[in-house]
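Please read the structure below before turning to the comments.
The values are calculated or read from the model by the stated rules, or taken from the named source; none is laboratory data. Predicted, not measured: the structure shown is a model, and the values here were computed from it. When we count neighbours, we look across all protein chains shown, and the Cβ atoms used for this are built from the backbone with ideal geometry, even at glycine. Ligands, DNA and RNA are stripped out before the accessible areas are found, and what is left, the full protein with its side chains, is counted by its heavy atoms. Shrake-Rupley method; radii C 1.70, N 1.55, O 1.52, S 1.80 Å.
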Amino acid sequence: MLTKLLLTQESELEVCGSLMLSTIQLDEVATFLEPVHFFSDTCREIYQTILKLHRDGAPTGADVVFKHVDQTIVEVNDLLTAMEKVNDASFVVEHARAVVRAFRTRSLAKLIVDQTEPLESGIKAIDEAIEGIASGAERIINGNVDTPARSMREIIAELSIRDDRVGITTGIVGLDRKLAGEGWRAGQLVVVGARPSVGKTALMTGLALAASLNGHRSTYLSFEMGDTEIADRIIRQHDLRLSDELDCERACELNVDIRDCAGWTIEKIEAAIRQAARRDGTKLFLIDYLGLISSSNKKRERWQEIGDMTRVLKCLARSLDVTIVAAQQFNRAVEARSSRMPLMSDFRESGNIEQDADILIGIERETRPNQETPVTEAKLHIMKQRNGATGEVLLEYLPERTLFRDRDIPSFEGGF
């Protein structure tokens, strides 16, 4: 390890020295080499200063760099040493890539230590540590992927293909219409909120059923109920009876994978989603619900953890080109208002929910049904839609089937 660190410092000095001699390849280097990649504080400060001078159109010679660096970190001899290391400034790109490789090596070593040290004290289980290492390694890999600029021609070609792709229906015609008429789109993080017993799980299981009936595979990650309870809800929503042989066969053919996730951390969820997306081609993931995901750092405030979770889920949705729908409870503020119309600020332990989610949906329902009919009225409030309009969707709720469906609009073709 010591030898590798010494080699890293050699490469870091070569990069800094080369860029002080010539900035011809600086623009290429800057597309993948960041200040955080440097092991040496001195070289990091020199590199940051060179980048700033270059952006300002100023020369980057050693004399100019020294005037602008933090001289409590960098001395004149440091600049001279860097320049003396340079044999050929044309190799700066190769040395820059060596610096990045070394950074990834250190990051991987730190990840393994951080995940395995708690095993000795019993703070963490081996399965949790393995999941943490797998998720962390994925982030290290993705963090080094260069994203080249694309021309408008390339982007428009992709968009034309995407426009021909059918989204995943929600099973609610009024909601699909609000979502540009096509339901869920890949790359989206959707957060659904409601007070307890209003219907978060009913809506989420309905989304899984609708996707299956229209040929899309989904994975349901349940934190509040066991897999048999979730399966029973989906079967009842589809109005099937397991005592009937044909109904039983139809239930078996529903393309919904259900995972009992009690006690899972966000790292384990991330690993499970990556696995299902790559192995099974799953495009829709439903998490019921955020507030029950276990803490992986007991020292942090809960709102900070929820914020970290939504950032991870948003990045997952984009990188895997899938849709993630997560439920979350509202706080009690909604009950204190004369109007029960939900607001974005009602999300419990909101953290970055309002910022990270592409779509925010609140459920409003009268929980005391009319005595004359078991059907109760409900509304979905689209409080945020990054690429579309906000507004209301009128629903009715069937308690005996724990099912939301359109009010005054014929059901979708899959049939509820």
Test: residue in segment 37-51 that is on the phi < 0 side of the Ramachandran plot, modelled with pLDDT under 85 and not in a helix (DSSP H, G or I): no
Residue that is farthest from Glu253 (Cα to Cα), among those in segment 206-219 that are part of a helix (DSSP H, G or I) and either within 21 Å of the chain's Cα centre (by Cα) or among the aliphatic types (A, V, I, L, M) (or both): Leu207
Answer from Phe103, Phe91 - the residue that is open to solvent by 30 Å² or more (accessible area, probe 1.4 Å), of a type in the set (A, V, I, L, M, F, W, C) and touching a His at 6+ places or on another chain (Cβ under 6 Å): Phe103
Breaking point among (1) part of a strand (DSSP E or B); (2) in contact with a Ser or Thr (Cβ under 8 Å, 6 or more places away or on another chain); (3) not small (Gly, Ala, Ser), for Ile287: (2)
Count - residues of segment 369-409 that are modelled with pLDDT of 65 or more and either of a type in the set (Lys, Arg) or not in a strand (DSSP E or B) (or both): 15
Hits in segment 290-306 - residues which are out of contact with any strand residue (DSSP E or B) (no Cβ under 6 Å at 6 or more places or on another chain), crowded, with 19+ Cβ neighbours inside 10 Å and in a helix (DSSP H, G or I): Glu305, Ile306
Pairs with Cβ under 7 Å, 6+ apart, first in segment 60-78 and closer than 14 Å to Gln48 by Cβ and part of a loop (DSSP other than H, G, I, E, B), second among the hydrophobic types (A, V, I, L, M, F, W, C) and modelled with pLDDT under 90: Thr60/Leu53
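From the list Ile155, Ile133, Ile141, Ile123, which one is farther than 30 Å from Gln385 by Cα, modelled with pLDDT under 70 and in a helix (DSSP H, G or I)?
Working: Ile155 fails: farther than 30 Å from Gln385 by Cα; Ile133 fails: modelled with pLDDT under 70; Ile123 fails: in a helix (DSSP H, G or I).
Residue meeting the stated conditions: Ile141.
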Among residues of segment 46-78, those that are closer than 19 Å to Gln25 by Cα, under 42 Å from the mean Cα position of the chain (by Cα) and surrounded by 16 or more Cβ atoms within 10 Å (Cβ to Cβ), counted: 10
Where Phe91 falls short, out of the listed (1) touching a helix residue (DSSP H, G or I) at 6+ places or on another chain (Cβ under 6 Å); (2) part of a helix (DSSP H, G or I); (3) in contact (Cβ under 8 Å) with a residue 40 or more places away in the chain; (4) not basic (Lys, Arg): (1)
Filter result for Glu28 (within 17 Å of Arg106 (Cβ to Cβ), among the acidic types (Asp, Glu) and part of a helix (DSSP H, G or I)): no
Close pairs (7 angstrom Cβ cut-off, 6 or more residues apart or separate chains): over 22 Å from Leu209 (Cβ atoms) in segment 281-295, among the β-branched types (Val, Ile, Thr) and not in a loop (DSSP other than H, G, I, E, B) anywhere: Ile293/Ile266; Ile293/Ile269
Matching residues, segment 271-289, being open to solvent by 10 Å² or more (accessible area, probe 1.4 Å), touching a helix residue (DSSP H, G or I) at 6+ places or on another chain (Cβ under 9 Å) and under 27 Å from Ala202 (Cβ atoms): Ala272, Ala277, Lys283, Tyr289
Some residue of segment 360-368 being at pLDDT below 90, touching a strand residue (DSSP E or B) at 6+ places or on another chain (Cβ under 8 Å), outside any loop (DSSP other than H, G, I, E, B) and not charged (D, E, K, R): no
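Hey, among Leu242, Leu254, which residue is modelled with pLDDT under 90, assigned to a loop (DSSP other than H, G, I, E, B) and either open to solvent by 50 Å² or more (accessible area, probe 1.4 Å) or aliphatic (A, V, I, L, M) (or both)? Talk me through it step by step, then tell me what you get.
Numbers: Leu254 fails: modelled with pLDDT under 90.
Matching residue, one of Leu242, Leu254: Leu242.
Could you please let me know if Leu19 is surrounded by 19 or more Cβ atoms within 10 Å (Cβ to Cβ) and under 30 Å from the mean Cα position of the chain (by Cα)? Working first, answer last.
Numbers: surrounded by 19 or more Cβ atoms within 10 Å (Cβ to Cβ): yes; under 30 Å from the mean Cα position of the chain (by Cα): no.
No: the conditions fail for Leu19.
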